[in-house]
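Colleague: Just dropping this structure here.
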Amino acid sequence: MVNLSKVAFAALLLLGGVGVPSSIGPRAALAQEGDEYDGGDLQRDIVVGDVDDPGDPTEPVESNADVSNTLLVTYSSDSGLSNIINHVEEARGKGKGVMLKGNNRYKSPKRRPGRSGGGLDRGGQPGGGTGGEGGKGGNGKGGSDNPKARSGGNSKGKRNRWLEAGEDEGELDVGFVTLETTDGETTNSELSELGGLEGVTNVEHDVELTVAEVKSLRGANAANEHVREIIEAMGAEQAGLNIEYAPEHEDDHDDRRRLAEDTPYGINHVNVTHLWSIEPQQHVKICVIDTGYDLGHPDLPSDGVTGWDAHSPETQSWDVDGHSHGTHCAGTIGAIGGNDAGVVGVMPNPSKFSFHIGKGLSDSGSGSGAAVIAAVKDCVDKGAKVISMSLGCGNCYVAAYDQAYKDAYDAGVLIVAAAGNSGRDSVHYPSGYKSVISVASVMESKKLSYFSTRNDQTEIAAPGHYVKSTVPRNKESYGTKSGTSMACPHVAGVAALLVSHFPNCNNNQIRNAMIHSASEPPTDSLNLPGWDKYYGWGLVNAGMAYELLKNEGCIGAGGAAPDEAAGEKLSDMALGGKDQKTNGCTTDSQCQNGNLCLGEMKCNTDTNKCYQVEGTAPDCDDGVKCTIDTCDPTKPILNNDPKSMCVHTPKTCEDEDKCNGIYSCDPLTGNCQQDTPPVDCDDGMACTIDKCITDTGQCQYTQKMCNDNNVCTFGDKCDNSTGCVFQPPVEDCCGNAQCDASEDEESCPIDCSDSITTSFDTGVARHRYLGSVFNIATKSKNVTIAGVGVHCILPNDKVGKVHVYTLGGDYYGNGNWYKKYRWTKVLEQDVTCAGAGLSTNVSFPEVVKIGKNKVQAFSIYVLTDNIMTDYPTTRHIHHSAGRHA
């Protein structure tokens with residue numbers, strides 16, 4: 001079995017044709033970071049690089065940087081908006097660098113305090129029937145659910161909230177405007193001054209959002225799957241490798257891969273193909289907010305596709321996707337089926353749906369929060385029923401945007417977003433807003449993708465690992481990507497299909513039907529019965545959701561509709577993640593979560609809210625400070641005592657590094673206390689290398705060797721007070737970096753030649769995996785590099801492409817060094833691998849020259865696809881210890 005769009009290789013740089021094989025190959029990659037987990041510390045297992053360094057692209061987290069000089073100013077009335085406009089005009093008259101962005105104004109629908117946003121169907125049966133009442137819902141509190149949004153100035157008691165019921169009996173005009181300043185000082189001043197204006201309820205920084213795609217999976221994190229595919233296709237014996245791996249793919253996909261039209265594994269995983277032949281009740285419009293859409297792609301709908309963009313040079317037109325991310329996500333939703341070409345999407349018949357494209361992100365894969373919200377509003381205005389958003393940022397809550405998503409939800413639109421790719425417990429938006437479905441990613445094995453973010457808002461999971469879909473025609477039309485970005489459109493497609501079949505169900509009922517019908521993931525240490533922060537409520541299952549809605553109706557499958565008479569809105573029903581089932585229940589079965597550690601849950605049919613039956617959840621606190629008390633729902637309940645599920649684990653304070661001292665748990669406080677201080681191995685001698693052995697806590701002293709490797713210096717020595725002392729080179733010596741009068745190029749080429757071709761070993765460039773990024777530092781000579789050699793593993797009939805880029809100076813000292821525009825292309829050309837264990841030589845069209853005492857960076861990798869856009873390198877390649885050789 002082989003997927004010919006991926007390749008694993010070990011790189012070797014040749015200067016003058018001499019090389020040393022790389023020290024890392026597929027086997028090492030498999031051992032370092034597999035994609036499956038057996039219950040180990042996930043945080044420890046997956047993090048690569050320095051997580052505290054936001055400039056380190058090896059950390060697969062999204063940007064959470066503020067758009068520092070852009071402010072969002074929220075107002076609660078027409079007079080508030082007028083006050084903002086007048087303030088800006090006055091500020092500009094005083095010479096302050098501030099302006100309103102006219103195309104980035106957002107206005108919430110007019111509403112009266114405490115009233116619903118419009119007529120809503122309170123039930124309904126499939127095929128146009130109307131269901132019964134579902135009971136009364138509680139009053140929605142509305143407002144922001146995060147008090148940490150930054151504000152400035154005196155808010156007159158209204159900061160971080162929306163106008164409260166009773167403050168104004170008339171219709172309210174609520175919204176926000178986007179304001180830009182020229183510098184940080186002006187921004188800080190405006191934060192204070194705007195916050196004091198009458199009618200202004202909030203002032204916040206805008207945020208930057210990026211695509212939620214993981215570009216690193218050509219590296220070791222992916223090697224488990226795709227090295228295996230290549231080796232199985234070639235035969236391990238032919239490849240000359242001895243690789244052990246845990247089988248992950250149970251099905252043989254060879255027959256599927258030979259078809260002219262491919263059904264990506266994710267389409268089968270969401271259990272949707274048998275629904276394609278059933279005629280829907282209505283046509284549905286789906287909005288994809290992303291980097292654009294390759295209009296005219298032969299495997300994507302063209303007729304009836306509409307779009308929005310910001311009409312700026314940064315974003316370009318919605319029907320152009322210079323990145324490929326948006327086209328890829330759209331293909332997962334709606335790639336055309338039955339045309340004997342390419343792939344199929346969740347909804348492969350373009351006569352049953354239409355796309356509306358919102359280009360909220362630029363071709364670089366990023367965009368402002370204001371641009372994304374403008375796209376959301378346009379989607380709602382154009383009649384979209386589902387919005388797919390494979391984008392986001394970490395820890396970037398914005399109250400104004402929270403309200404905007406609530407407004408979209410109240411308009412009946414179901415919003416689906418990527419959970420994020422931090423690979424750990426963290427907060428991600430917009431998936432973290434309650435009105436948005438947060439989608440986690442799973443692999444083909446249905447186990448969690450290592451990069452998937454986890455938190456209380458994780459709601460449902462879908463395939464996001466090595467998903468094949470459409471890419472723009474100038475990028476060869478099809479490609480494979482990974483990330484929660486790829487999981488999101490699977491759920492959006494399923495949601496749109498359900499809307500088309502059950503148009504009388506509101507968006508919250510469709511949402512609940514998907515989580516009530518979700519499939520349990522494979523049993524592992526991360527998957528708990530019911531909801532968990534990794535998979536949410538489980539894997540989206542279109543077939544099961546369809547049957548649930550068909551048999552139980554909108555209320556039975558998705559709960560009650562909001563009580564309009566009590567002022568309840570759809571967004572009041574949206575709690576998201578672990579709490580999404582809490583509101584709108586009509587039966588006890590809708591409250592069941594399958595996790596006995598959370599107690600028995602029942603439905604209060606008077607309030608349509610779930611509640612916990614008193615005494616059914618175990619109290620696992622044993623009163624001992626130095627134990628970690630948890631509940632294991634897989635343990636049996638003995639003698640009807642829920643406490644039999646409790647687990648008491650002694651608290652561990654040791655970090656297995658005896659050099660850090662000895663720690664134990666204080667039984668009085670439960671805190672870790674230091675019993676012995678850290679080991680101090682400093683002997684005060686400059687001529688010894690002092691080291692503490694972590695396993696034993698003992699000191700090791702090694703004599704420092706002082707040798708500058710210059711044959712023209714003598715008497716190098718070490719002084720215990722100052723360290724190494726190097727002597728100056730003697731005159732008239734070959735190797736003193738000077739071409740002396742008695743020397744010439746023939747007698748002393750190391751001093752006198754203008755250039756030299758030599759070899760350079762990339763074996764020490766740690767964490768480069770499927771690509772090498774490294775520096776060459778010259779001393780007393782010029783260096784000319786004539787070509788490279790690569791050791792690559794590919795079937796004999798498959799042509800790859802070698803990519804070589806160079807960058808002047810230390811790559812890590814260059815800001816955004818991993819961005820493609822920073823590098824100069826040396827060559828991109830086809831290459832046929834010589835075979836396992838053999839070097840495939842590639843000559844440069846022009847030699848690369850490095851002057852004396854210079855540093856030059858190189859990036860070398862081999863691919864078999866053409867979907868590289870912004871990065872000339874794979875992302876998991878940098879490690880601070882591997883920058884120099």
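The values are calculated or read from the model by the stated rules, or taken from the named source; none is laboratory data. All of these numbers come straight from a predicted model, not from anything done at the bench. We place every Cβ from the backbone using ideal geometry, glycine too, and count neighbours over all the protein chains shown. For the accessible areas, the whole protein counts, side chains as well, though only heavy atoms, and no ligand, DNA or RNA atoms are used. Shrake-Rupley method; radii C 1.70, N 1.55, O 1.52, S 1.80 Å.
Colleague: Cβ-Cβ below 6 Å, separation at least six or inter-chain, first residue in segment 569-592 and assigned to a helix (DSSP H, G or I), second open to solvent by 40 Å² or more (accessible area, probe 1.4 Å) and not small (Gly, Ala, Ser): which pairs?
Modeller: Close Cβ pairs (under 6 Å, with a partner that is open to solvent by 40 Å² or more (accessible area, probe 1.4 Å) and not small (Gly, Ala, Ser)) amount to GLY577/ASP456; LYS578/ASP456; ASP588/LYS602.
Colleague: If you don't mind, there's one more thing I want to ask. In this structure, does VAL499 turn out to be under 23 Å from ILE357 (Cα atoms), open to solvent by 10 Å² or more (accessible area, probe 1.4 Å) and in a helix (DSSP H, G or I)?
Modeller: Criteria met by VAL499.
Colleague: Moving to a separate point now. Would you check which residues across segment 538-555 are farther than 27 Å from PRO430 by Cα and open to solvent by less than 10 Å² (accessible area, probe 1.4 Å) and list them?
Modeller: Once the filter is applied, which keeps residues that are farther than 27 Å from PRO430 by Cα and open to solvent by less than 10 Å² (accessible area, probe 1.4 Å), segment 538-555 yields GLY543, LEU549, GLY553.
Colleague: Can we say GLY394 is surrounded by fewer than 24 Cβ atoms within 10 Å (Cβ to Cβ) and either touching a Leu at 6+ places or on another chain (Cβ under 6 Å) or at positive phi (or both)?
Modeller: no
Colleague: If you don't mind, another one. Return a yes/no flag: does segment 841-854 have any residue that is within 35 Å of the chain's Cα centre (by Cα) and either open to solvent by 50 Å² or more (accessible area, probe 1.4 Å) or modelled with pLDDT under 75 (or both).
Modeller: No; the residues of segment 841-854 include none that is within 35 Å of the chain's Cα centre (by Cα) and either open to solvent by 50 Å² or more (accessible area, probe 1.4 Å) or modelled with pLDDT under 75 (or both).
Colleague: Same structure, new question: Restricting to segment 356-368, give me the number of residues that are open to solvent by less than 20 Å² (accessible area, probe 1.4 Å) and either acidic (Asp, Glu) or within 22 Å of SER452 (Cα to Cα) (or both).
Modeller: 3
Colleague: Starting from segment 191-215, take each residue that is in contact (Cβ under 8 Å) with a residue 60 or more places away in the chain and assigned to a strand (DSSP E or B) and list its partners that are open to solvent by less than 10 Å² (accessible area, probe 1.4 Å) and aromatic (Phe, Trp, Tyr), counting only C-beta distances under 6 angstrom and pairs at least six apart or across chains.
Modeller: Hits for this filter: VAL200/TYR75.
Colleague: A further question follows. Scan segment 324-335 for residues that are modelled with pLDDT under 95 and over 13 Å from TYR478 (Cα atoms) and report the count.
Modeller: The qualifying residues number 0.
Colleague: Return a yes/no flag: does segment 658-666 have any residue that is part of a loop (DSSP other than H, G, I, E, B), in contact with a His (Cβ under 8 Å, 6 or more places away or on another chain) and open to solvent by less than 30 Å² (accessible area, probe 1.4 Å).
Modeller: no
Colleague: For LYS377, all conditions in the list (1) in contact with a helix residue (DSSP H, G or I) (Cβ under 9 Å, 6 or more places away or on another chain); (2) crowded, with 24+ Cβ neighbours inside 10 Å; (3) of a type outside the set (Val, Ile, Thr); (4) farther than 23 Å from TYR478 by Cβ hold save one; what is the number of the exception?
Modeller: (2)
Colleague: Let me ask something else about it. Does GLY558 meet the test of being in contact with a Ser or Thr (Cβ under 6 Å, 6 or more places away or on another chain) and either open to solvent by less than 10 Å² (accessible area, probe 1.4 Å) or not acidic (Asp, Glu) (or both)?
Modeller: In short, no.
Colleague: Can you tell me how many residues in segment 340-397 are farther than 18 Å from THR470 by Cα and among the charged types (D, E, K, R)?
Modeller: Residues flagged as farther than 18 Å from THR470 by Cα and among the charged types (D, E, K, R) within segment 340-397 amount to 6.
Colleague: Starting from segment 415-436, take each residue that is within 21 Å of ASN506 (Cα to Cα) and list its partners that are open to solvent by 10 Å² or more (accessible area, probe 1.4 Å) and of a type in the set (Asp, Glu), counting only C-beta distances under 7 angstrom and pairs at least six apart or across chains.
Modeller: LYS434/ASP145
Colleague: Which numbered condition in (1) closer than 20 Å to GLY304 by Cβ; (2) open to solvent by less than 10 Å² (accessible area, probe 1.4 Å) is the only one that SER351 fails?
Modeller: Going through (1) closer than 20 Å to GLY304 by Cβ; (2) open to solvent by less than 10 Å² (accessible area, probe 1.4 Å) one by one, SER351 breaks only (2).
Colleague: Now for a different question. Report, by residue number, each residue of segment 469-491 that is within 22 Å of ALA419 (Cβ to Cβ) and buried (at least 24 other Cβ atoms within 10 Å of the Cβ).
Modeller: Those that are within 22 Å of ALA419 (Cβ to Cβ) and buried (at least 24 other Cβ atoms within 10 Å of the Cβ): SER469, LYS481, SER482, GLY483, THR484, SER485, MET486, ALA487, CYS488, PRO489, HIS490, VAL491.
Colleague: Does ASP524 satisfy the criteria of being in a helix (DSSP H, G or I), over 20 Å from HIS490 (Cα atoms) and in contact with a Gly (Cβ under 8 Å, 6 or more places away or on another chain)?
Modeller: no
Colleague: Which condition does LYS691 not pass, out of (1) in a strand (DSSP E or B); (2) in contact with an Asp or Glu (Cβ under 9 Å, 6 or more places away or on another chain); (3) open to solvent by 90 Å² or more (accessible area, probe 1.4 Å), if it passes all the others?
Modeller: The single condition LYS691 does not satisfy is (2).
Colleague: For GLY615, indicate whether it is at pLDDT below 85, over 30 Å from ASP402 (Cβ atoms) and exposed (fewer than 13 other Cβ atoms within 10 Å of the Cβ).
Modeller: Yes.
Colleague: Of all residues in segment 803-840, which are at pLDDT below 75 and of a type in the set (S, T, N, Q)?
Modeller: Passing the criteria: ASN814, ASN816.
Colleague: All but one of (1) free of Cβ contacts under 8 Å to residues at least 12 places away in the same chain; (2) not in a loop (DSSP other than H, G, I, E, B) hold for ASP621, so report the exception by its number.
Modeller: Of the numbered conditions (1) free of Cβ contacts under 8 Å to residues at least 12 places away in the same chain; (2) not in a loop (DSSP other than H, G, I, E, B), the odd one out for ASP621 is (2).
Colleague: Still on this structure: Cβ-Cβ below 9 Å, separation at least six or inter-chain, first residue in segment 824-838 and without any contact (Cβ under 8 Å) to a residue 40 or more places away in the chain and under 28 Å from ILE850 (Cβ atoms), second hydroxyl-bearing (Ser, Thr, Tyr) and open to solvent by 50 Å² or more (accessible area, probe 1.4 Å): which pairs?
Modeller: Matching pairs, first to second residue: LEU827/SER843.
Colleague: Scan segment 264-280 residue by residue and report those that are under 25 Å from the mean Cα position of the chain (by Cα) and free of Cβ contacts under 8 Å to residues at least 24 places away in the same chain.
Modeller: ASN268
Colleague: Within the bounds of segment 407-430, is there any residue that is at pLDDT 95 or above, open to solvent by 10 Å² or more (accessible area, probe 1.4 Å) and basic (Lys, Arg)?
Modeller: The answer is no, given that none of the residues of segment 407-430 is at pLDDT 95 or above, open to solvent by 10 Å² or more (accessible area, probe 1.4 Å) and basic (Lys, Arg).
Colleague: Further question on the same structure: List the strands (runs of 3 or more DSSP E) inside segment 315-423, counting only whole elements, that have at least 1 residues being among the β-branched types (Val, Ile, Thr) and within 21 Å of VAL439 (Cα to Cα).
Modeller: 353-358, 386-389, 414-418
Colleague: Here is a follow-up. Looking at the structure I just gave you, is VAL207 over 30 Å from MET347 (Cα atoms), buried (at least 21 other Cβ atoms within 10 Å of the Cβ), in contact with a strand residue (DSSP E or B) (Cβ under 9 Å, 6 or more places away or on another chain) and modelled with pLDDT of 90 or more?
Modeller: no
Colleague: Does SER859 satisfy the criteria of being of a type in the set (S, T, N, Q), modelled with pLDDT of 75 or more and buried (at least 21 other Cβ atoms within 10 Å of the Cβ)?
Modeller: Considered against the rule, which asks whether it is of a type in the set (S, T, N, Q), modelled with pLDDT of 75 or more and buried (at least 21 other Cβ atoms within 10 Å of the Cβ), SER859 comes out as yes.
Colleague: Applying the selection to segment 645-699, what residues are closer than 30 Å to VAL624 by Cβ, without any contact (Cβ under 8 Å) to a residue 24 or more places away in the chain and of a type in the set (Ser, Thr, Tyr)?
Modeller: Hits for segment 645-699 are THR649, THR652, TYR663, SER664, THR676.
Colleague: State which residue is most open to solvent (accessible area, probe 1.4 Å) when the search covers only segment 431-458 and only residues that are more than 12 Å from the chain's Cα centre (by Cα) and over 19 Å from TYR397 (Cα atoms).
Modeller: LYS446
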